[in-house]
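Student: There's a structure below that I have some questions on.
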Amino acid sequence: MKVMDIFATMEYGPAPEAAAPALAWLKEHQPFGLFINNQWQKPASGHYLESISPANGQVLTRVASANSEDVNAAVAAAHNAFEPWSKTPGHVRARYLYALARHIQKHARILAVLEALDNGKTIRETRDIDIPLVARHFYYHAGWAQLMETELAGYQPVGVIGQIIPWNFPLLMLAWKIAPALAMGNTVVLKPARYTPLSALKFAEIVQEIGLPPGVVNIVTGEAGQVGETLLKHPDVQKIAFTGSTEVGRAIRRTTAGSGKKLSLELGGKSPFIVFDDADLDSVVEGVVDAIWFNQGQVCCAGSRLLVQENIADRLYQKLRARMEKLRVGDSLDKAVDIGAIVSEQQLQEITRLVEQGVAEGAQLWQPSWSCPSEGSFFPPTLFTNVSPAASIAQVEIFGPVLVAMTFRTPAEAVELANNTRYGLAASIWSENINLALDIAPKVKAGSVWINCTNLFDASSGFGGYRESGFGREGGKEGLYEYLRPAWEHAVQDTESQIVQSTFQPSFQEPALEGLIDDAEWPGDSPDLTLPAIDRTPKLFIAGKQVRPDSGYSLPVSHAGHVLGEVGEGNRKDIRNAVEAAHKASAWANGSAHNRAQILYYLAENLSVREEEFARRIVQQTGQTRAQALAEVQTSLSRLFSYAAWTDKFEGVVHRPPLRGVTLALPEAIGVLGIACPDAYPLLGFISLLAPAIAMGNTTIIVPSPRSPLSATDCYQVFETSDLPAGVVNIVTGNREQLSQVLAEHEDVDALWYFGTTEGSQRVEFASTANMKRTWVNYGRVRNWQDRVQGEGQEFLRQATQVKNIWIPYGE
Ligand code: NAD
Ligand code: MN
């Protein structure tokens, strides 16, 4: 055949990447040991597992199967390395991270081949996407190691981190976990996925090569039941960072509940790909290819639900089918292949099962006319049309090259369909009308929103989910806090119940207020606590109204033997009503920050008018001196001012990732937030939690301290006179433990803060898994609410928000 003939026919010819160097490397090391203390160690069990190439079913090598004894040894290594590593100057850590990045680039070729062999993904992707992003992640975090001391002052590393990663981006997920952990001074034990351990083992060799201190990075291969479980339960592991399925994430939340381990979960998705009728359809077609056929659709943020405006749907489907006909499925090492192999036979069966179910449920299936290679695990690109939004293929994460298409008529309907999912990882919006695209972006509940683009990633732009896609971010400055603790936490060991009884020293010493704080007698009528109180039973506060509790019962409030009054005994039904009211008030988040700030100032103004009264109430409930009580009121006023100030200052940033365009990182309200208040500081504890929550646009259901709820219920009148919209703050008094459990289990509560007992903290974390809500609990430990470092600031604002990254490329 002549070259001219080839040009005429454009016949396909394979263009294989050479596997020999990677295979030789595997052979040399076989069988692979466990990487502990920078050494290769034999597994205690003597067992090994095979790692397979899904493109042809061949065994690539054998890797150690660790048991709990091995995991304990790895944790001990990380534990011993922690002290010196955390004290290593940031500049030195930066040099190590920089060296990792450089060496990843030096070994880029073998890493790309290993990844393609082991996972089945195409060499085009591993070479051009996975490995460059891995290097970029280490470079970026070398920078944060360098800057930590000044830019993250007041924070400390967490300790030993247990990291568990999936098989779909083996080395990239490793980088997302290890780079920030090391940059912030932590040490790690990482478990690669069962199907894809090889690139992590090559990385271990790079760790040795650059001379990272032993024990800082430990890599333990093996089965989930042995390695994963041991890591989750190990007392010396201070944090678990997990990427994987929502199902396993849920189990991990339960296992670690109450342990005090920090947790970040990057889970599944069913992301919408929204196409408006003014979109550039040829770009859309290439976008869809990148959204759902990238990495065989085994992508957590894959655009797996195509939502098309009705009037262009048929035209788009036709273009898509034509493009699908030209896609090439085959050997991962062939540089001319678009879609590689599915990671395992088991995953292939699962995809097949879900596709059959889709057909059985009445959706229309379309696949290209050509057939996949018969050897290896392959699945053709697949398009479902005529899909009902409730169909299982529209709801369940298929994790394969399967696209389900639905239509909408109006932008509002598009948003509704987009959000009709339990997940919230990502979304793509396609329209040539920037006004429309930027109007839709904030309305879609997802951590990443790509406008006229899809599946873009960069270390500077955090990635992570809303809802059942998990919590926590990887990348960006926001991702660093997953590997940090406020420095003051290390010192505090007291429990909440201890502090309630102790008297505190007012630390509020603003000069202008000094005159107010003296221990003189109460002016005029000193409160005589022996007199019977005038009967006044505050009700609950729901949807801006004082309402009777459903139970019809009330609970006494007393201090030192004196009954001070009664409060309503709220129950499940009251919580449900409060949650409904909070949802109805969601417009609060969309209003201007200026407006929210005004209302916080107004609350302070109206509270200050009644300073004496609130101080007296604190004295009654706690037996503190007048000066202490006044100081608490003063600090509460100051706190309202702080959050009024923050409302329009806790803003996002504009990233400049390496593309022509920008990423807007916006902190958004989480939504409906439950808050269970601490016993200490009846007013200040309540205000310190309420203020940041509503400042950031959340609507709330607050359970005051059962011991001293009257400071919160006294606020009803303050709320009513401060223009606070109905439903933004709802208050349900009663048994904090029972009510917070109801909040934790509630599917329509998006996050829960709990400041109470050790057992209560565990209960809340355990019960939160129905919708994988974000929780923030104190594990029974105290916080000095009077102290500005502990009692207010960005920690609270971060807990009240989640970052959405909106990618906006530009240029014609
Ligand atoms: P998986 O949840 O089955 O496994 C993930 C990891 O957890 C593996 O290393 C596995 O061995 C381990 N594991 C499994 N059971 C465990 C247990 N009981 N205790 C401790 N560890 C356990 O997920 P997968 O099939 O490997 O990956 C696919 C899933 O990952 C998809 O749902 C996908 O959406 C999700 N994912 C999410 C992201 C993200 O950033 N959000 C990224 C990639 C993949
Ligand atoms: Mn494999």
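Student: Give me the angle, in degrees from 0 to 90, between the Cα long axis of helix 626-647 and the longest principal axis of the Cα atoms of the chain, rounded to the nearest 10.
Tutor: So the helix axis and the longest Cα principal axis differ by about 40 degrees.
Student: Checking a compactness column here: for the chain, what do you get for Rg(Cα) / (2.2 N^0.38 Å), N being the number of residues?
Tutor: 1.02
Student: Starting from the Kirkwood radius over alpha-carbon pairs of region 200-348, derive D by Stokes-Einstein at 10 °C in a medium of 1.306 mPa s and give it in µm² s⁻¹.
Tutor: Translational diffusion coefficient: 83 µm²/s.
Student: Taking only protein heavy atoms into account and a 1.4 Å probe, give the accessible area per residue of region 119-166 in Å².
Tutor: 33
Student: Further question on the same structure: Put 611, 745 in order of accessible area, largest first, 1.4 Å probe: what do you get? Display every interim value, and only then the final one.
Tutor: Details: 611 35, 745 75 Å².
Order by accessible area, largest first: 745, 611.
Student: Go through 281, 304, 318 and say which Cα lies farthest out towards the positive end of the charge dipole of region 280-320; charges sit on Cβ, +1 for Lys and Arg, -1 for Asp and Glu.
Tutor: Of the listed residues, the answer is 304.
Student: Testing the spin-label approximation: label points 7 Å from Cα along Cα→Cβ at residue 590 and residue 3. State their distance in nm.
Tutor: Label-label distance for residue 590 and residue 3, simple model: 6.2 nm.
Student: Antiparallel as a % of all DSSP beta bridges within the chain, to the nearest 5?
Tutor: 40
Student: Work out the P(r) tail for region 640-684: percent of alpha carbon pairs separated by more than 15 Å, whole number.
Tutor: Distances greater than 15 Å cover 69 percent of the Cα pairs.
Student: I would also like to ask the following. Give the residue list of chymotrypsin sites (Phe, Trp or Tyr not before Pro) in region 747-785 that are DSSP loop and have at most 12 other beta-carbon atoms within 10 angstrom.
Tutor: none
Student: Treating the angle as unsigned and between 0 and 90°, give the value, to the nearest 10°, between the Cα long axis of helix 572-584 and the longest Cα principal axis of the chain.
Tutor: With both axes taken from Cα atoms, the answer is about 70 degrees.
Student: Given R₀ = 60 Å, FRET efficiency for residue 789-residue 11 by Cβ-Cβ distance, to 0.05?
Tutor: Working: r = 70 Å, r/R0 = 1.16.
E between residue 789 and residue 11, to the nearest 0.05, is 0.30.
Student: Next question, about the same structure. Which of 583, 10, 654 sits closest to the plus end of the dipole of the chain, meaning its Cα is farthest towards the positive end, when Lys and Arg get +1 and Asp and Glu get -1 on the C-beta?
Tutor: Value computed over the given set: 10.
Student: Next question, about the same structure. For region 49-117, what is the convex hull (Cα atoms) projected area averaged across all directions, in square nanometres?
Tutor: That works out to 6.5 nm².
Student: What chymotrypsin sites (Phe, Trp or Tyr not before Pro) does region 352-419 have in DSSP loop regions with at most 13 other beta carbons within 10 Å?
Tutor: 370
Student: Still on this structure: Report D for region 318-448 in µm² per second (integer): Stokes-Einstein, Kirkwood Rh on Cα pairs, 20 °C, 1.002 mPa s.
Tutor: On the way: Rh = 16.6 Å.
For the chosen part, D equals 129 µm²/s.
Student: Please work out, to two decimal places, the log10 of the ratio I(q)/I(0) at q = 0.16, 0.19 Å⁻¹ from a Debye calculation in which every Cα of region 146-276 carries one identical scatterer.
Tutor: Listed by q, the Debye log ratios stand at -0.83, -1.11.
Student: Stokes-Einstein D for region 660-779 at 37 °C, 0.692 mPa s, Kirkwood Rh over Cα pairs, in µm²/s?
Tutor: Result for D is 223 µm²/s.
Student: Just name one of 778, 744, 790: the one whose Cα is farthest towards the positive end of the charge dipole of region 742-804 (beta-carbon charges, Lys/Arg +1, Asp/Glu -1).
Tutor: 790
Student: So how compact is region 773-812: Cα radius of gyration and Dmax in angstrom?
Tutor: According to the Cα coordinates of region 773-812, Rg and Dmax are 16.9, 56 Å.
Student: So, one more: Under a plain spin-label model, where a point goes 7 Å from the Cα along Cα-to-Cβ, how far apart in nm are residue 662 and residue 336?
Tutor: For the pair residue 662/residue 336, the computed spacing is 4.4 nm.
Student: Let me ask you something else. For an R0 of 41 angstrom, estimate the FRET efficiency from the Cβ-Cβ distance between residue 149 and residue 386 and round to the nearest 0.05.
Tutor: Once the sixth-power term is evaluated, E becomes 0.10.
Student: Still on this structure, I have one more. Measure off, as a whole percent, the carbon and sulfur share of the 1.4 Å-probe accessible area of the chain, all protein chains present. Can you show the working numbers first?
Tutor: Details: 15910 of 31170 Å².
Looking at the chain in its full context, I get 51 percent from C and S.
Student: Could you provide, to the nearest whole Å², the per residue accessible area of region 682-812 with probe 1.4 Å?
Tutor: Per-residue value: 26 Å².
Student: While we're here: Taking a probe of 1.4 angstrom, what is the accessible area of residue 714 in Å², to the nearest 10?
Tutor: Counting only protein heavy atoms, residue 714 exposes about 10 Å² to solvent.
Student: Here is a further query. Using DSSP to call loops (not H, G, I, E or B), can you name the chymotrypsin sites (Phe, Trp or Tyr not before Pro) in region 546-620 whose Cβ has at most 15 other Cβ atoms within 10 angstrom?
Tutor: 553
Student: Shifting gears a bit: Let me test this: with uniform point scatterers at the alpha carbons of region 595-708, what is the Debye-based log₁₀ I(q)/I(0) at q = 0.24 1/Å?
Tutor: So the normalised log intensities are -1.31.
Student: What's the extension gain from residue 359 to residue 83 if we count 0.36 nm per residue and subtract their Cα-Cα distance? Provide the component values of the computation, followed by the final result.
Tutor: Working: separation 276, 0.36 × 276 = 99.36 nm, distance 5.72 nm.
My answer for the length gained is 93.6 nm.
Student: Enter the mean projected area of the convex hull around the alpha-carbon atoms of region 231-271, in nm², rounded to one decimal.
Tutor: If I average the Cα hull's projected area over directions, I get 2.8 nm².
Student: Charges only on Cβ, +1 for Lys and Arg, -1 for Asp and Glu: so what's the dipole of region 132-217 about the Cα centre, in debye to the nearest 20?
Tutor: Around 360 debye, computed over region 132-217.
Student: Assigning unit charges at the beta carbon (Lys, Arg +1; Asp, Glu -1) and nothing else, what dipole magnitude in debye, to the nearest 20, does the chain show about its Cα centre?
Tutor: Dipole about the Cα centre, nearest 20: 1240 debye.
Student: On to the next question. Per residue, what volume in Å³ does the Cα convex hull of region 554-599 take up?
Tutor: That works out to 113 Å³ per residue.
Student: Using a simple charge model, +1 on the beta-carbon of Lys and Arg, -1 on the beta-carbon of Asp and Glu, nothing else, what dipole does region 258-333 show about its Cα centre, in debye to the nearest 20?
Tutor: Approximately 440 debye in magnitude.
Student: Turning to a different aspect of this structure: I'd like the Kirkwood hydrodynamic radius of region 542-637, using the inverse of the mean 1/r over distinct C-alpha pairs, in Å. Please report the intermediate quantities before stating the final value.
Tutor: Details: mean 1/r = 0.0616 Å⁻¹.
It works out to 16.2 Å.
Student: Across bins of 10 angstrom width beginning at 0, how are the C-alpha pair distances of region 306-376 distributed, in whole percent?
Tutor: Each 10 Å bin holds this share of Cα pairs: 16, 37, 38, 9, 0.
Student: State the Cα centre-to-centre distance between region 229-259 and region 336-364 in whole Å.
Tutor: Cα centroid to Cα centroid, the span is 30 Å.
Student: So what is the relative contact order for region 75-169, in percent, with contacts set as C-alpha pairs under 8 Å and at least six apart?
Tutor: The normalised contact order for region 75-169 reaches 41 percent.
Student: Right, another one. Under a point spin-label approximation (7 Å from Cα along Cα-to-Cβ), what is the residue 374-residue 627 distance to one decimal in nm?
Tutor: Placing both labels 7 Å beyond Cα along the Cβ direction yields 9.2 nm.
Student: Can you give the extra length, in nm with one decimal, that the chain gains between residue 255 and residue 611 once fully stretched, where that is 0.36 nm per residue apart less the Cα-Cα distance?
Tutor: Here the answer is 123.6 nm.
Student: How far is helix 758-767 tilted off the main Cα axis of the chain, in degrees rounded to 10, range 0 to 90?
Tutor: The helix 758-767 is inclined about 40 degrees to the chain.
The values are calculated or read from the model by the stated rules, or taken from the named source; none is laboratory data. This structure is a prediction, so every number in the text was calculated from the model and none was measured. As a convention, Cβ positions derive from the backbone with ideal geometry for all residues, glycine included, and neighbour counts pool all protein chains shown. Remember, those area values only see protein heavy atoms, side chains included, never the ligands or the DNA or RNA. Shrake-Rupley method; radii C 1.70, N 1.55, O 1.52, S 1.80 Å.
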